Structure formats: C-alpha cells, structure tokens
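Coordinate-derived values only; no laboratory data. The structure displayed is predicted, hence computed values, not measured ones. Here Cβ is always computed from backbone atoms with ideal geometry, including for glycine, and neighbour counts include all displayed protein chains.
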Amino acid sequence: MAPATRPGLEFLLIKPPGCLISGVEKLSVRVYWVLAWVLLGCSPEAEINTTGVLARCNYINGFTGDAECKEYLGSNWTQGAMRADCDLPVPGSEPGELTDDLACDRSAIQGVCAVEPGTVEAANIVFSSEIESTCSDLSLGCFFASGEWQPEPSCDD
C-alpha cells in the first residue's frame, strides 16, 4: 500500500492594490508561503504613477512606415527601461528619440492605443491624423500590441 500524501493547499489569491502580480492567480502553496506574502506585502516600485507622462518616444514604425509617439506612464518605467524600449519600439524599427517629461502631441490624432492601462507598465501609443494608416489598421495594430484602441470621434475610414 502506498504511503498517504498530503496534497498542497489551493488558495485563490487576489492581488493587493499596487502589486506586481497581475489579476487573480490560483496557486498551490503551503501555509507559510501565504504568511510570507501577507507579512512582506508589495515592494514600493509597484506603486502606480499618478503624476502623468514620464517620457515620450518618437519613432517610425518599421511595419507601416508611419511616425508614432509612445508615452510612458507606469511607475515600473525607469530611465533605462524607457531607453531600451525606445531603442526598439517595434521589431524592425530604428531607435526612437526619447524625451523626458513631455507627452505626445495630441493636436491632430486618429486615436490612442492604451497598453497596460492603470498598471505599473502603462503606456500610450498616440497616432497622428497625418499618417496614412486607416483607423481599422490602427485598431488592428493596437490589438497586436495587446492594447485598448481609443479612437477619436473624427476617426473614420
């Protein structure tokens, strides 16, 4: 007869506000791991930025040839992380121009692709109305960026 084993305890953990884990995660853990989680809490770098745009990156999209602008919003965006992201904003693209403390020009845009909105890695990709891509093209591109497409009222194909 096989020895009896103790199955792991199943817990449904809901992330505390500002923690780095995303969503609801079902984990098999032992009780002491849960206690460590509760006692240690979240790290300070997990706080969401509420001060606005940290920097912007202007670049040419290697797939479309269109000029795009990306705003970095989340508190996980360090100077080094923004520089690395702007150096390769889209596969096949040349490095972009990173400018601290400035938002993208929104005077004439087709819409915004909100990537990871409300999280520590939030960013916006702002699409000018002066590019050749249609609103449908931009919506599809935003889908591939795992973003939420927010078209301007004037955005029509």
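So the values come out like this:
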{"item": "Virtual spin-label span in nm between Ala103 and Ser129, 7 Å along Cα→Cβ", "result": "1.7"}
{"item": "Square roots of 5 times each gyration tensor eigenvalue, C-alpha, the range 107-157, largest first, Å", "result": "19, 11, 8"}
{"item": "Rounded to the nearest 20 debye, dipole of the range 105-157 from Cβ charges on Lys, Arg, Asp, Glu", "result": "140"}
{"item": "Peptides 145-152, 69-76 ordered by average Cβ neighbours within 10 Å, highest first", "result": "69-76, 145-152"}
